[in-house]
Ligand SMILES: Cc1cc2nc3c(=O)[nH]c(=O)nc-3n(C[C@H](O)[C@H](O)[C@H](O)COP(=O)(O)OP(=O)(O)OC[C@H]3O[C@@H](n4cnc5c(N)ncnc54)[C@H](O)[C@@H]3O)c2cc1C
């Protein structure tokens with residue numbers, strides 16, 4: 001097999017992966033493997049912004065306090081302090097690289113989001129992720145020490161003498177197998193939203209990092225803390241498109257299919273209750289009436305306000321024939337963010353020597369049981385920087401490699417199995433869970449994994465491999481949820497409701 005040797009190997013080209021690549025390139029040659037185009041990532045879709053205490057009336061102590069409150073007592077306090085203290089420097093670095101954040105005169109324009117006690121959201125209109133991804137990709141293209149391989153799907157991590165020393169990947173349309181070896185390996189594969197029927201995450205979010213990491217013994221935790229966004233577009237021809245909270249902030253109301261403003265039945269704060277409360281209310285309303293969605297009504301708002309404040313939403317919905325000045329928007333909650341993942345320390349070091357992780361795939365401890373809005377881009381950047389510094393001196397003599405067979409099945413079977421998984425996870429391990437439902441989900445997933453391995457082996461293709469990773473990650477979600485004996489943060493089991 002074709003083998004190449006680098007100093008650093010990065011898997012993933014979102015903010016975490018490319019930040020690590022840029023910083024590690026100061027110390028040696030870097031290889032970046034990414035399974036789609038370089039910009040295919042959750043990072044590119046981030047809307048709101050990136051949190052940092054850079055305003056005059058703000059401090060890292062307040063940012064820390066807000067993060068700890070959101071995390072509902074389960075944050076790692078040392079990790080949170082590290083994150084918030086590094087935040088202003090992270091913003092400075094992005095600006096130096098060329099990120100065009102919005103300014104108000106000489107100062108950064110700072111937005112406010114739920115759970116933040118100060119204005120501290122640095123942004124680029126409602127396309128912050130796109131701007132950040134553009135910035136780091138441009139910087140990577142100008143760095144001679146970094147080689148990026150697009151359409152390079154990593155199938156397994158390679159171990160030698162108990163240390164992670166590289167990865168095996170399939171490159172290009174003909175799936176050419178390649179081995180990339182390095183002194184340090186950065187796992188920056190992002191999220192796992194595709195295990196649910198509805199998700200804001202793009203196609204690449206298939207939990208590969210959880211599958212890759214756990215296969216070599218990396219510890220995984222807190223996967224049950226799955227964040228759902230209450231309002232994403234429900235439309236057969238369009239992937240779950242996020243309708244920002246700001247719409248409800250501006251006076252948008254939620255109605256069921258009969259036109260009733262149902263939030264009156266659930267919470268006195270109505271549509272402005274916290275995200276998880278609104279998501280649970282929508283789900284309960286849909287289950288009560290057996291409907292596929294509820295509706296977001298903006299028809300009573302001034303048309304000029306709608307067009308001025310929400311141009312992207314206005315344009316997107318117009319493209320599918322919805323006039324939001326006149327029509328209610330069909331919405332449904334969708335998986336949005338995974339708080340847990342591969343366990344890391346402050347240096348991004350996993351429990352496997354030589355293997356680092358950063359970004360959404362990692363569990364640094366900063367989110368605890370719930371993520372504070374706009375802390376995730378920050379986390380991806382801050383821990384990728386510390387991992388690059390920690391791994392700068394890693395040197396390794398590579399001996400014999402330990403490898404496993406990669407079992408693939410036909411795409412048609414993979415599609416069927418993935419759909420069954422998504423149904424199970426949405427119904428039994430979504431916003432509201434029960435012990436019985438979780439037990440059923442566990443059995444169903446085990447059955448699907450068994451079925452997968454019993455199907456005839458086919459030549460390599462990516463879809464089945466991703467499906468297997470989704471199933472392995474789903475098992476962590478279900479096991480984590482079953483092990484919780486109280487409701488906390490994003491985990492809600494209605495059997496435990498009375499006790500909480
Ligand atoms: C719609 C939306 C809005 C959001 N808004 C915000 C916001 O306003 N503020 C905020 O802080 N966060 C927000 N988030 C969350 C945030 O965008 C992500 O948590 C963050 O970008 C994750 O970065 P990452 O580098 O870890 O992963 P990603 O950006 O997802 O990158 C992962 C990379 O890994 C690659 N990859 C995966 N598996 C493999 C494999 N097997 N082989 C090779 N490559 C692989 C992918 O192709 C991709 O390049 C939002 C997310 C979404 C989806």
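The values are calculated or read from the model by the stated rules, or taken from the named source; none is laboratory data. Quantities reported herein were computed from a predicted structural model and do not represent experimental measurements. Neighbour counts run over all protein chains shown; Cβ positions are idealised from the backbone, glycine included.
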Exercise. Could you say whether any residue in the range 263-270 is over 20 Å from residue 316 (Cβ atoms), away from the ligand (no atom under 16 Å from the Cβ) and surrounded by 21 or more Cβ atoms within 10 Å (Cβ to Cβ)?
Worked result: yes
For this session: Kindly establish whether residue 145 is modelled with pLDDT of 95 or more and surrounded by fewer than 24 Cβ atoms within 10 Å (Cβ to Cβ).
Result: yes
Exercise. Quick one: how many residues across the range 416-444 are closer than 23 Å to residue 215 by Cβ and under 23 Å from the mean Cα position of the chain (by Cα)?
Worked result: 10
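Residue-wise test of (1) under 21 Å from residue 146 (Cβ atoms); (2) in contact with a strand residue (DSSP E or B) (Cβ under 9 Å, 6 or more places away or on another chain).
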| site | (1), (2) |
| --- | --- |
| 373 | no, yes |
| 387 | yes, yes |
| 410 | no, no |
| 419 | no, no |
| 424 | no, no |
| 427 | no, no |
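Against the condition in a loop (DSSP other than H, G, I, E, B), closer than 23 Å to residue 228 by Cα and near the ligand (Cβ under 9 Å from one of its atoms), how does residue 373 come out, does it pass?
yes
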Exercise. Across the range 34-54, which residue is farthest from residue 115 (Cα to Cα) among those that are in contact with a helix residue (DSSP H, G or I) (Cβ under 9 Å, 6 or more places away or on another chain) and more than 6 Å from the ligand (Cβ to nearest atom)?
Worked result: 38
Seminar exercise, completed: Among residues of the range 61-74 being surrounded by 18 or more Cβ atoms within 10 Å (Cβ to Cβ) and away from the ligand (no atom under 16 Å from the Cβ), the residue farthest from residue 110 (Cα to Cα) is 68
Problem set entry | Residues (over 23 Å from residue 197 (Cα atoms) and either at pLDDT below 95 or out of contact with any helix residue (DSSP H, G or I) (no Cβ under 7 Å at 6 or more places or on another chain) (or both)) located in the range 454-486 | 454, 456, 457, 458, 459, 460, 483, 484, 485
Seminar exercise, completed: Within the range 84-119, of all residues that are at pLDDT 95 or above and touching a strand residue (DSSP E or B) at 6+ places or on another chain (Cβ under 6 Å), the one nearest to residue 384 (Cα to Cα) is 91
Exercise. How many residues are in a helix (DSSP H, G or I) and within 17 Å of residue 374 (Cα to Cα) when one looks only at the range 223-248?
Worked result: 1
For this session: Search the range 302-336 for residues being touching a helix residue (DSSP H, G or I) at 6+ places or on another chain (Cβ under 6 Å) and surrounded by 23 or more Cβ atoms within 10 Å (Cβ to Cβ), and hand back the single one that is farthest from residue 193 (Cα to Cα).
Result: 324
Seminar exercise, completed: Of the residues in the range 3-33, those that are touching a strand residue (DSSP E or B) at 6+ places or on another chain (Cβ under 9 Å) and away from the ligand (no atom under 13 Å from the Cβ) come to 3, 4, 5, 6, 7, 8, 24, 25, 27, 28, 29, 30
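Can residue 190 be described as at pLDDT 95 or above, under 25 Å from residue 49 (Cα atoms), assigned by TED's automatic domain parsing to the domain that holds residue 111 and in a helix (DSSP H, G or I)?
Numbers: at pLDDT 95 or above: yes; under 25 Å from residue 49 (Cα atoms): yes; assigned by TED's automatic domain parsing to the domain that holds residue 111: yes; in a helix (DSSP H, G or I): no.
Taking the combined requirement at face value, the residue does not satisfy it.
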Exercise. Would you call residue 59 closer than 30 Å to residue 488 by Cα, without any contact (Cβ under 8 Å) to a residue 12 or more places away in the chain and out of contact with any strand residue (DSSP E or B) (no Cβ under 8 Å at 6 or more places or on another chain)?
Worked result: yes
For this session: Considering each residue of the range 256-278, count those that are at pLDDT 95 or above and in a helix (DSSP H, G or I), and give that number.
Result: 4
Exercise. Which of (1) surrounded by fewer than 17 Cβ atoms within 10 Å (Cβ to Cβ); (2) within 28 Å of residue 139 (Cα to Cα); (3) touching a residue at least 24 places away in the same chain (Cβ under 8 Å); (4) within 16 Å of the ligand (Cβ to nearest atom) is the odd one out, the single condition residue 114 does not satisfy?
Worked result: (2)
